[in-house]
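Inspection log for the structure reproduced underneath, given as structure tokens.
The values are calculated or read from the model by the stated rules, or taken from the named source; none is laboratory data. Owing to the predicted nature of the structure, the values given are computational and were not obtained by experimental measurement. Because the Cβ atoms are built from the backbone with ideal geometry, glycine has one as well, and the counts that use them run over all protein chains shown.
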Amino acid sequence: MPADRRKRENPGIDDRFRIFAGRAHPALSRAIADELGVELGNVHISDFPDGEIDIKVNVDVRGHDVFVVQPTCPPVNQNLVELLLLIDCLRRASADRITAVIPYFGYARKDRKDEGRVPISAKLAANLITEAGADRVVSVDLHAAQIQGFFDIPLDHLYAKPVLISHFRKLVLQHAVVVSPDVGGVKMARSYAKELAAELAIVDKRRINATQTEVEAVIGDVGGRPVLIVDDMITTGGSIAEAVRIVKRFGAKKVYVGATHGVLAGPARERLQQSGAERVFLTDTIPIPNPPSIVKVVSIAPLLATAILRIHRSESVSGLFEEKPEGSSH
Ligand code: R5P
């Protein structure tokens, strides 16, 4: 894009700004670029016959402030390696600063050794991104906040909360209860409840295996009240389906669900569709092709674009979030 057009549309962006996209989520990358009033940088990405990835950046990046948008969503291995190659390519082309914009950070679930002889996959992914040459990272609702500390480079941790809350508010619910589908999600649910001036309840979830969960109890009162269940991600949909079932058993009136990352693996679509929830709001940190009718996809692009602009201008990113979730470091 000519520099004069970029300046006219977004006076906050200078000629040193460049933004590129991997192949993980072209629609989100384009939406971010549109929000910023710029065009995505020209990059060729293809696969060799043996599956290896070939990349060539077709514009000058020497001395530039470069952003690369690539969620490491399924297929996780391919998207992660593609991100690493893009960063390596930009580093060797003498970009001044490379910011990896990773709306969904894959491999986040393994963030500690909870038994012998297992990897800490989240730490390895962070090491790889740093070693490839990223100078900073932007991500949204990391599965565990401590993953920020796995990076020895700055990481801006964004929250989808303002995006999901704006849609919850449109429901105009009276005396709603915000429900966490498990104990691990309480901090997140509490920050939603605080912002919505709603009460909080917690589902007592036990995981049976990777795809099945079991719940028996709800801590808190949901009887006769509308319920908003919030979670960081929906993978197989087991946690949400069980949470909807139990709050309804305890008398919840209408149940809505909001989650940041719609991984939607295996039986997730069917489980959500049959869950009995009124609506499931998911952001587009991950592509959700042909969403089931119960799902409403809401865009995180304006939030990411604002964060990118602030980073480019060396402005505060934490200022984007008026209220900080408990335990937040920023
Ligand atoms: C758990 O710690 C997470 O916050 C999610 O609740 C979980 O990953 C969802 O997985 P699934 O949809 O497979 O139950």
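Kindly evaluate ALA132 against the criterion of being more than 16 Å from the ligand (Cβ to nearest atom) and either of a type in the set (A, V, I, L, M, F, W, C) or assigned by TED's automatic domain parsing to the domain that holds ILE240 (or both). When the stated conditions are applied, ALA132 passes them. Among residues of segment 163-186 that are free of Cβ contacts under 8 Å to residues at least 40 places away in the same chain, those with a beta-carbon under 6 Å from a residue that is away from the ligand (no atom under 16 Å from the Cβ) at least six positions away or on a different chain give the pairs ILE165/GLU195. For the condition hydrophobic (A, V, I, L, M, F, W, C), within 14 Å of the ligand (Cβ to nearest atom), on the phi < 0 side of the Ramachandran plot and surrounded by fewer than 22 Cβ atoms within 10 Å (Cβ to Cβ), VAL215 qualifies. Of the numbered criteria (1) aliphatic (A, V, I, L, M); (2) buried (at least 21 other Cβ atoms within 10 Å of the Cβ); (3) more than 17 Å from the chain's Cα centre (by Cα); (4) closer than 21 Å to SER191 by Cβ, the one LEU272 fails is (4). The set of residues from segment 1-20 being aliphatic (A, V, I, L, M) and modelled with pLDDT of 50 or more comprises ILE13, ILE19. Considering SER191, SER180, the condition of being surrounded by 21 or more Cβ atoms within 10 Å (Cβ to Cβ), of a type in the set (S, T, N, Q) and within 12 Å of the ligand (Cβ to nearest atom) is satisfied by SER180 alone. For PRO289, state whether it is free of Cβ contacts under 8 Å to residues at least 40 places away in the same chain, not in a strand (DSSP E or B) and not charged (D, E, K, R). Considered against the rule, which asks whether it is free of Cβ contacts under 8 Å to residues at least 40 places away in the same chain, not in a strand (DSSP E or B) and not charged (D, E, K, R), PRO289 comes out as yes.
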